1. Output the residues belonging to segment 35-67 that are among the aliphatic types (A, V, I, L, M) and at pLDDT 90 or above.
2. Which condition number does G40 fail, the rest of (1) touching a Phe, Trp or Tyr at 6+ places or on another chain (Cβ under 8 Å); (2) of a type outside the set (V, I, T); (3) on the phi > 0 side of the Ramachandran plot being met?
3. Return the pairs, sorted by first residue and then second, in which the second residue is surrounded by 11 or more Cβ atoms within 10 Å (Cβ to Cβ) and of a type in the set (K, R), the first residue lies in segment 7-30 and is within 20 Å of E47 (Cα to Cα) and touching a residue at least 24 places away in the same chain (Cβ under 8 Å), the beta carbons are less than 9 Å apart, and the residues are 6+ apart or on different chains.
4. Which condition from (1) part of a strand (DSSP E or B); (2) of a type outside the set (K, R); (3) more than 13 Å from the chain's Cα centre (by Cα) is the one that L48 breaks?
5. Quick check on my filter: what residues within segment 10-27 are surrounded by 12 or more Cβ atoms within 10 Å (Cβ to Cβ), at pLDDT below 90 and either of a type in the set (D, E) or not in a loop (DSSP other than H, G, I, E, B) (or both)?
6. Could you grab the pairs with beta carbons closer than 7 Å, sequence gap of 6+ or different chains, first residue in segment 67-84 and without any contact (Cβ under 8 Å) to a residue 60 or more places away in the chain, second one among the hydrophobic types (A, V, I, L, M, F, W, C) and assigned to a strand (DSSP E or B)?
7. With respect to V62, determine if the residue is surrounded by 13 or more Cβ atoms within 10 Å (Cβ to Cβ), in contact with an Asp or Glu (Cβ under 7 Å, 6 or more places away or on another chain) and among the β-branched types (V, I, T).
8. Of the conditions (1) surrounded by fewer than 15 Cβ atoms within 10 Å (Cβ to Cβ); (2) closer than 20 Å to F76 by Cβ, D35 fails just one. Which one is it?
Amino acid sequence: MNDFERSLHQKLPNITLAIDDLWVQGYKLGKAHLDMQRQGDRLEWRELSLSAAAAKSVHRAVGYWLEIKIKHQCNFHCQVKITVK
């Protein structure tokens, strides 16, 4: 873990972000939601979701980023649901 990553981990606040109409580089992705909370030495992604109406898909993820002086660990679980007509 470099100095930038260590500093970022220490300074990131609790974040709840809801976007109804997310566009990235000219592409409409749909709705996005992020809930990230600090729990001691961990930053926990309680919910990270992206719902793309055009593709009829839902992406959900949970995980955490743990940083202790001698230990750096990330855990990320992702679920994708695609509806086909």
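1. First, pick out the residues of segment 35-67 that are among the aliphatic types (A, V, I, L, M): 36, 43, 48, 50, 52-55, 58, 61-62, 66.
Matches in segment 35-67: M36 only.
2. All conditions pass for G40, except number (1).
3. L12/R38; P13/R38; N14/R38; L22/K28; L22/K31
4. L48 satisfies all of (1) part of a strand (DSSP E or B); (2) of a type outside the set (K, R); (3) more than 13 Å from the chain's Cα centre (by Cα) except (3).
5. If the condition is that a residue be surrounded by 12 or more Cβ atoms within 10 Å (Cβ to Cβ), at pLDDT below 90 and either of a type in the set (D, E) or not in a loop (DSSP other than H, G, I, E, B) (or both), then L22 is the only one that fits.
6. From segment 67-84, the pairs are Q73/L66; C74/W65; F76/A61; H77/A61; H77/V62; C78/A61; K81/V58.
7. On the way: surrounded by 13 or more Cβ atoms within 10 Å (Cβ to Cβ): yes; in contact with an Asp or Glu (Cβ under 7 Å, 6 or more places away or on another chain): yes; among the β-branched types (V, I, T): yes.
So V62 passes the test.
8. Single failed check for D35: (1).
The values are calculated or read from the model by the stated rules, or taken from the named source; none is laboratory data. Predicted, not measured: the structure shown is a model, and the values here were computed from it. Every residue, glycine as well, gets a Cβ built from its backbone with ideal geometry; the counts of neighbours run over all protein chains shown.
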